[in-house]
Each structure stands twice: as C-alpha cells, then as structure tokens.
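Notes follow once the structure below has been shown.
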Amino acid sequence: MTQTRRSFLKTTLAASTAMALPIPAFAQDGVLNVALIVPSPAADVGWSHTLELGTKALEAEYGDKIKVTLLENIAEGPDGDRIMNKTVADGNTFLILGSFGYMNGGLKLAKARPEVSILHASGYQVAPNFSPFGARYYQGTYLMGMAAASLSKSKKLGCVGAFAIPELITSINAFTLGAQSVDPAMEVSVVWVNSWFDPASEQEAAKALLAQGCDVVFSNAQDTPSVVAVCEEAGAYVFNLNSSMKTYAPKKYLGVVGTDWAPYFKASVAAHLAGTFAGASAWLGMADNCVFVADWNPDIAPEMAAKIEAVHATLLDGSFSPFTGPLTNQDGAEAVAAGVTLGDDMILSMDWHVKGVTTPLPK
C-alpha cells in the first residue's frame, strides 16, 4: 500500500456522487462522536494541524453536542485499519481520515458500516458514505510564483517536495508558470524527500537548493517548519502550504497557500445529521473558501501586489486557469495547445512538468 496521503484523485471526479443513505446520526446520549485520524503530529503548523482546526470549528458550531477524538501519528496500513475500526466500535459515527494511505481500509469499513460517514483526504474511491476531499493548491502557488519572480535576484527558484504525485506536481507547475508570467527566464529546481515528516531530510534539501543559488524556496507539503527556518537563517524568501509558518521566518516569509477545511467539514456533518450524506469527490479551491493566500511579505512592491490581486480575482471567479495553453513540457514539446484549458481530470492526473522546471521527475 502506498504511503502517500494526498494523490491520484484522477478521473473519478466526474462520476463521484453516490446515493445518500439515511443515517442514525447521534449516539444514545445525544452526542455526535467524531474521530480525526492523521499520520503526523497535529502540532502548531502543517497538514494535520489544518485538519484539527477544521474539527475545532465543528466543536465551536455544535458545542457539547459533538465530541471529537484526535488520533495522531497513526501509520498507514494494518495499524491504521485497526485503529479506525476501533473508533467505530467505540461509538464514533463520523470519521475524518487524513491520509491517502488510509483509503483501502476506510472504504472497507464504510461498506461494512453504512451508518458511519467517512471523509478521506485525497483518495479517489467513492461510496454512498465515503467521500474523498482535496485542495486546489495550484491556484495559490501561481500567485506565489508571481511574487517570487518579483523578488528573485538569481532567477532561480527552488522547491522541496514531499512526494512526486499529481497534487504536488500541479502545485510546482503553477508556481513556475506564475513566476514566468512575470519573468519568462525563471527556472525552478526540485528536491524530493519522499516523506511528509522528515525534518532532517527537509533541512538538507533546502540547503542543497540554496547552494544552487535559489533565492526563493517553496516548501511543498512538509508538515514541519524545517525548510522555512533554514531559508530564514540563510536570508532566502520561503513559502509553504496549509498553515502559516510566519513565526518561523519573521523577515523572509513570502506567504502561505493555506487551507480552511471548516466549511467543508461543517457541511458534511450537517448532511450526516440530516441523514442526507452522499459520497462525492470534493476538490475545493478559492471559490469554495478552502484555498487562500495570506501573510504576504511587505517586500513585495505595491505594483506587483496589485497585479497579484488582479489575477487572484480571476482565479476566484473562474475566468482564469493557470493550465491554459500554450504550455510546453520539459522536453520542449507542446503539452497544451493554445486556447485549450485542461479539465479537472487532466490536472488531477498530471505526471509531467512544464518548461522551466529543471529537475526531471523521478522514474
């Protein structure tokens, strides 16, 4: 079983909605029991932290009518399967599974227990009571690319990536395209660490990019502030996904491409309580109040900030997509023809880099 938590939604989006089932929502004591299971520590930053913030919003909404159990550092595979089954045996009827690697066990559980509703991070399987969810990070990373190009002196940008999966590849490609919209000479180098949580490897990757002359670095799906802290110390601009890490880089923090899962979690719990929960793939972006950009560095010139805001508006209203041709791949071949905009299925399965990303994808 793969250990990646957020990948390969692929082409199931178009056929993603299943029939709703009536669900007995509350336990006998009138409390909805919710379990959040995540593969890393839900500390003060990172992916697991943002999921926990989403459940905090549920607690604020429902008060003593909801009880959330957080289970951290749960390995994908047999351990994860055993623990998610135990949470249901303990009376939890709403589960949030925060890793791609929980998919198979979670789907099996959903089929066995139709009274339980399950949200699953970034998978592609759907059942009547099983919904995968993910974020359109690429919308925010395009804007970060614009800011990065405006501040870069070397014209070399870097990225520390967790895994070479479509979700992260699209984020890098959009970052590159955003930078090239400001300066076509911009290049992006990538170091893959093949982990969601490996501070030592993340630090070494960031140092390697800085040694190559990269003066703006993208921390792409790291659950620690390791990359951010290294760049701050070296005097290089840096940004990351999911939650703000500004406290770790007070001078050189470029900003955050954040995620707010509260609206989606609230809507899903409301449907569960109403007995109308229906399994569906949710790929959420700026228009869904899920993806946002914040903590912009004051070093960004006012003229560039205005340009970024103008593009932001087009991303919000859907009139612009970073993946509209003409686009060229790393080999110099046409990847997207002029005037063509990639559909969600093609973006969700992206396995190629745009021209300007200098690092080949791992085989």
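Which residue, Glu309, Glu115, Glu167, tops the fluctuation ranking in a GNM of the chain built on C-alpha contacts under 10 Å? In the Gaussian network model the winner is Glu309. Under 5 Å from the amide H of Ile66 lie the amide H atoms of Leu32, each residue being 5 or more positions distant or on a separate chain, with H modelled from the backbone and absent for Pro and chain starts.
The residues of region 69-205 expose on average 31 square angstrom of accessible surface per residue, using a 1.4 Å probe on protein heavy atoms.
When the dipole is taken about the Cα centre of the chain, and only Lys, Arg (+1) and Asp, Glu (-1) are charged at their Cβ, what size is it in debye, to the nearest 20?
For this selection, approximately 360 debye.
The C-alpha atoms of the chain define a longest principal axis, and helix 137-151 lies at about 20 degrees to it.
Against the longest principal axis of the chain, how steep is helix 199-211, in degrees 0 to 90 to the nearest 10, with axes from Cα atoms? Result, in degrees: 20. Positive-end ranking of Pro302, Leu53, Ala280 along the dipole of the chain, with charges on Cβ about the Cα centre, is headed by Ala280.
The Cα center of region 51-95 and the Cα center of region 294-327 differ in position by 36 Å. Could you tell me what percent of the accessible area of the chain is made up of carbon and sulfur, with a 1.4 Å probe and every protein chain present? After summing per-atom areas, the C and S share lands at 54 percent.
Compute the Cα gyration tensor for region 253-346, then decide on rounded, prolate or oblate, letting a ≥ b ≥ c be the square roots of its eigenvalues: rounded whenever a/c is under 1.5, prolate when a/b is larger than b/c in the other cases, and oblate in all that remain. Judged from the Cα gyration tensor, region 253-346 comes out oblate (a/c at least 1.5, b/c at or above a/b). To test your reading of the geometry: what angle, between 0 and 90 degrees and rounded to tens, separates the Cα axis of helix 103-112 from the longest principal axis of the chain? Compared with the principal axis, the helix lies near 20 degrees.
Let me check something: with ligands and nucleic acids excluded, how do Lys67, Lys363, Lys251 order by accessible area (1.4 Å probe), largest to smallest?
The most accessible residue leads, giving Lys363, Lys251, Lys67.
Within the listed set Glu303, Glu187, Glu233, the residue fluctuating most in the Gaussian network model of the chain (springs between alpha-carbon atoms under 10 angstrom) is Glu303. Counting only protein chain heavy atoms and rolling a 1.4 Å probe, the accessible areas of Ser201, Ser122, Ser319 rank, largest first, as Ser319, Ser201, Ser122.
The Cα center of region 181-233 and the Cα center of region 256-293 differ in position by 29 Å.
The values are calculated or read from the model by the stated rules, or taken from the named source; none is laboratory data. The structure presented is a predicted model; accordingly, all values stated were derived computationally and were not measured. Cβ sites come from the backbone with ideal geometry, for glycine too, and all protein chains shown count toward neighbours. Just so you know, the surface numbers come from the protein's heavy atoms only, side chains and all, with ligands and any DNA or RNA stripped out. Shrake-Rupley method; radii C 1.70, N 1.55, O 1.52, S 1.80 Å.
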